[in-house]
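Asks: Let me give you the structure first, and then I'll get to my questions.
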Amino acid sequence: MARIYQSASMGEAHIRVALVHERGVADLLVHRVDSWGLARGDALWYITKDKQDATTWLFVTSLGMAEVKICFVDNYSEAGWQGPHRCQGRFGR
């Protein structure tokens, strides 16, 4: 399940992501869920302020420094990888 903590430090983050607004540019389409229990796989994220509660700590950076480009979407059914990617499985540890 993807319980995400946004780190203020690139050094402590597990993965670097860039936020994009165009779906076609994104590697991963993410839907934000409202509860811990609804987080599933890589694409349904529950964002927590408690880093000890998180499965993945991420750092938001520029496109050039990012390992994954993400775009937030409004529906569960739209969420998921936009094709094979080397980071599949990294968010839902």
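The values are calculated or read from the model by the stated rules, or taken from the named source; none is laboratory data. Everything numeric in this text was worked out from a predicted model, so none of it was measured. Here Cβ is always computed from backbone atoms with ideal geometry, including for glycine, and neighbour counts include all displayed protein chains. The protein model used for the area step is the full one, side chains on, heavy atoms only, and it has no ligands, DNA or RNA in it. Shrake-Rupley method; radii C 1.70, N 1.55, O 1.52, S 1.80 Å.
Asks: Do we have Leu29 as at pLDDT 95 or above and within 21 Å of Ser7 (Cβ to Cβ) here? Walk me through how you get there before you give the answer.
Replies: On the way: at pLDDT 95 or above: yes; within 21 Å of Ser7 (Cβ to Cβ): no.
No; evaluated as a whole, the condition is false for this residue.
Asks: Given the options Arg93, Arg40, Arg16, name the one that is modelled with pLDDT of 95 or more, touching a strand residue (DSSP E or B) at 6+ places or on another chain (Cβ under 8 Å) and open to solvent by 50 Å² or more (accessible area, probe 1.4 Å). Steps first, answer last, please.
Replies: Values: Arg93 fails: modelled with pLDDT of 95 or more; Arg40 fails: modelled with pLDDT of 95 or more.
The conditions single out Arg16.
Asks: Among the residues of region 67-90, write down those that are out of contact with any strand residue (DSSP E or B) (no Cβ under 8 Å at 6 or more places or on another chain) and either in a loop (DSSP other than H, G, I, E, B) or of a type in the set (A, V, I, L, M) (or both). So that I can check it myself, show each step before the final result.
Replies: The initial filter retains those residues of region 67-90 that are out of contact with any strand residue (DSSP E or B) (no Cβ under 8 Å at 6 or more places or on another chain), namely 77, 83-84, 86, 89.
Gly83, Pro84, Arg86, Gly89 - these are the residues of region 67-90 that are out of contact with any strand residue (DSSP E or B) (no Cβ under 8 Å at 6 or more places or on another chain) and either in a loop (DSSP other than H, G, I, E, B) or of a type in the set (A, V, I, L, M) (or both).
Asks: Right, here's the next one. What residue, of Gly37, Gly64, is more than 11 Å from the chain's Cα centre (by Cα) and part of a helix (DSSP H, G or I)?
Replies: Of the residues listed, the single one that is more than 11 Å from the chain's Cα centre (by Cα) and part of a helix (DSSP H, G or I) is Gly37.
Asks: I need the full set of residues from region 24-43 which are closer than 9 Å to Ile70 by Cα and either among the small types (Gly, Ala, Ser) or in contact with a helix residue (DSSP H, G or I) (Cβ under 8 Å, 6 or more places away or on another chain) (or both), in order please.
Replies: Hits for region 24-43 are Ala26, Leu29.
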